[in-house]
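Reading through the structure tokens given below for one structure.
What follows is calculated from the coordinates using simple rules that are stated; it is not laboratory data. Note that this is a predicted model, so its numbers are computed, not measured. Every residue, glycine as well, gets a Cβ built from its backbone with ideal geometry; the counts of neighbours run over all protein chains shown.
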Amino acid sequence: VELLKQVAEKSIALDKCSKMQKMILKHYLENYLNIDQMLILIECEVNELLKKIDYAQNLIEIKGVSSMFIGSLLAETGDLKNFKVPKQLLAYAGLDLKISESGEKKGKTRISKRGNSRVRAILFKYLLPFINSNEEFKALHKYYTTRSNNQLKGMQSLIAVGCKLLRVFFGISKTNTKYDPTIILKHNQLLSIAA
């Protein structure tokens, strides 16, 4: 806040601002501080709620996964243990694949988007920062976009990585085990990309 105040003092001629402009600036700064405090309180509350879920801590320990990511996801999906197989979780999120075809014409394969759009929104909101901070999933994304056979475009690769992440979340929730990065890097090609 002090840094923001110093920058504001140099960037705007405060002595030339009208009284109303000063009030508006003060209002924006107060709003920012209030929102920042609310976010801190919400994150503390989410952390407390996640402590009551036995597998949540194992999910948060994955590098790049935040408590807000898991809290938001579980708020929409409910307990991940309620899904019998990962395919159900992907279908609930609308990430199951469908082929658009008509008669003899075979179309493109796309995600169905029939599931909960908020789950997809949460996943894609956190996915890019997650990929950038998690080496295994970064290697997986790079592998999908650079492999010679069935190379995926950027968004296709993100969807595939997001599906893989949901499968990992599902497996950890069902078995209540820690995350094992070697499972993601099980292919020799991925090991060479990660190195």
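Annotations
- Gyration tensor (alpha-carbon) shape descriptor, the stretch 1-94, a/c threshold 1.5: prolate
- Computed from Cα atoms, the angle from the helix 135-146 axis to the main principal axis of the chain rounds to 60 degrees.
- Helical contribution to [θ] at 222 nm, DSSP H n ≥ 4, -39,500 (n - 2.57), averaged over the chain, rounded to 500: -20500 deg cm²/dmol
- Over every Cα atom in the stretch 32-145, the radius of gyration and the widest Cα-Cα span, Dmax, amount to 17.2, 60 Å.
- Direction-averaged projected area, Cα convex hull, the chain: 17.0 nm², rounded to one decimal.
- Ranked by how many other beta carbons lie within 10 Å on average, peptides 23-35, 75-87, 152-164 from highest: 152-164, 75-87, 23-35
- Normalised per residue, the volume of the convex hull around the Cα set of the stretch 53-115 (Å³): 108 Å³
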